[in-house]
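Here's the structure, in structure tokens; my notes come after.
The values are calculated or read from the model by the stated rules, or taken from the named source; none is laboratory data. Owing to the predicted nature of the structure, the values given are computational and were not obtained by experimental measurement. Reconstructed Cβ throughout: ideal geometry from the backbone, glycine too, with neighbour counts over all protein chains shown. Please note that ligands, DNA and RNA were not included when accessible areas were found on the heavy atoms of the full protein model with its side chains. Shrake-Rupley method; radii C 1.70, N 1.55, O 1.52, S 1.80 Å.
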Amino acid sequence: MRTHPKLTGVAVAAALLAGTGTGAAFGAPAAPPAAASSITAAVPFTTAEARRGADGGYTLGYASPAQSVTVVAVTDPNAVTGTTVGTTAGTATLDVPAGRLPSAARWYFRLVPDQGAALVVADRSLGLASAKNFRDAGGYRTTDGHWVRMGKVYRSNKLSTLTAAEQATLLSQGISLDVDLRNIKERYDDPDALPSGIRYQVADVVSVSHGLKFHESATVTLVKALAAGLLSGSSDLGQSIGYPFMVDFVGADYAFHDLLTAVAANDGATVFHCSAGKDRTGWSNAVLLTLLGVPRSTVEADFLASNAYLGREDAVELSWLRAAFSEVDHLYGSFDAYVRDGLKVDAATVAALKSKLLV
């Protein structure tokens, strides 16, 4: 457990907010073929993903009702022309061997169906050795058929040891804002190493600058969380307690509000992070994806992916994330009410997030 500023009494529970899935598997079955008129305007893909191999090659997998898909490699997610690497059936896998593409900070792949709109995918990781959990928050399909754009929002662990080359990679991806979710001691001990051109903003999840307030008796939340953690067989009761407190602690509401409004307002791409990029960052990303309409199963898979990125099977546990969602339901009755009444994120900001991040 990380060290946080000393709080008194039952508020110690709030200091447990220490900070730490991928899409569908390749070859997933496509949805039943749709009528041509229904796929001419919308993105027709039901699954789509790109993975970079250890040798530098890529494997793409996608499913759609289209008859054919042309894959174009681009270094800018907004580009419409680039290097064509293949044309396949609407549902297929495609290998791009190592050496097929020249060196680049990041390759994106534009999937162009014969009917419907194109979709851009990329390997989520930027391959930063000093920030292993730095990854794209996009590339997921929503319940209503939209996709979360890639290259717009990133989640990460601490950024205190970025090399000059890694800082250049961040700039190359258009990242212009860094939102730090860590507490004051963490920020002092390991300040972010950022290049000129990236603005820095603090959104401290355990800050008491807004007072030591809870939506429910902290003792009640503590006892319920402890009991739930014991019942679920949690490997870390501190985290079982910490996740519900991210919903119950009023100071955390301000942090998540500030994060969401910052992402909505920022003209460039945004990265947000804590120390390990799995707990405070994990819940933040779960909130963002759920707000955008990504189904819970996908949100959970993205959350659990921290285990793979960090190389630790016990980095996160699904029961922790579910405990936070359970607290949302308990306090607010619905996720939308949590965003509106707890985080005080207004409809205009939600609309701005969807307009910016969904295709």
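Hull volume per residue, based on the alpha-carbon atoms of region 185-333 and their convex hull, is 135 Å³.
When each of the peptides 130-140, 306-316 is scored by the mean number of other C-beta atoms lying within 10 Å of its residues, the order from highest to lowest reads 130-140, 306-316. The slack between Thr161 and Ala265, meaning 0.36 nm per residue of separation minus the straight C-alpha distance, is 34.7 nm. Taking the centroid of alpha carbons for each part, region 48-64 and region 286-325 are 22 Å apart.
Want the number for Val80 to Glu300: 0.36 nm per residue separation, take away the alpha-carbon distance, what's left?
Working: separation 220, 0.36 × 220 = 79.20 nm, distance 3.21 nm.
Full-extension gain reported as 76.0 nm.
Shown in residue order for region 294-300 are the 3J(HN,Hα) couplings computed by the Karplus curve 6.51 cos²θ - 1.76 cosθ + 1.60 at θ = phi - 60°: 6, x, 4, 4, 6, 4, 5 Hz (x for Gly and Pro).
Evaluate the relative contact order of region 62-194 (contact order divided by residue number), counting alpha-carbon pairs under 8 angstrom at least 6 apart; express in whole percent. It would help to have the intermediate numbers written out before the result.
Working: 209 pairs, mean separation 23.6, N = 133.
Rounded, it is 18 percent for region 62-194.
Based on the alpha carbons, how large is the Rg to Rh ratio for region 76-227 when Rh follows Kirkwood?
Details: Rg = 20.4 Å, Rh = 18.9 Å.
Ratio of gyration radius to Kirkwood radius for region 76-227: 1.08.
The fraction of accessible area contributed by carbon and sulfur in region 77-123 is 50 percent, rounded to a whole number (1.4 Å probe; ligands and nucleic acids excluded).
Most tightly packed first, judged by the mean number of other beta-carbon atoms within 10 Å of their residues, the peptides 247-254, 42-49, 199-206 read 247-254, 42-49, 199-206.
Rounded, prolate or oblate: which fits region 252-359 when a ≥ b ≥ c are the square roots of the eigenvalues of the alpha-carbon gyration tensor, with rounded for a/c under 1.5 and prolate only if a/b beats b/c? In terms of gyration-tensor shape, oblate. The modelled label-to-label distance between Asp114 and Arg100, using points 7 Å beyond Cα along the C-beta direction, is 2.1 nm. Rounded to whole numbers, the Karplus 3J(HN,Hα) couplings from phi for region 69-77 are 9, 9, 9, 10, 8, 9, 9, 10, x Hz, using 6.51 cos²θ - 1.76 cosθ + 1.60 with θ = phi - 60°, and x at Gly and Pro.
Compute the separation of the alpha-carbon centres of region 332-359 and region 141-188 and state it in Å as a whole number. With region 332-359 and region 141-188 each reduced to a Cα centre, they are spaced 21 Å.
Work out, in µm²/s and without decimals, the Stokes-Einstein translational diffusion coefficient of region 132-181 at 25 °C, 0.890 mPa s, Rh from Kirkwood over C-alpha pairs.
Values: Rh = 12.3 Å.
Calculated translational D: 200 µm²/s.
Taking each residue as 0.36 nm, the span from Ala54 to Leu231 lengthens on full extension beyond its C-alpha to C-alpha distance by 59.7 nm.
Which translational diffusion coefficient, to the nearest whole µm²/s, is obtained for region 74-144 from the Stokes-Einstein equation, given a Kirkwood hydrodynamic radius over C-alpha pairs, 4 °C and 1.567 mPa s? Before the final figure, lay out the partial values.
On the way: Rh = 14.1 Å.
Here the translational diffusion coefficient equals 92 µm²/s.
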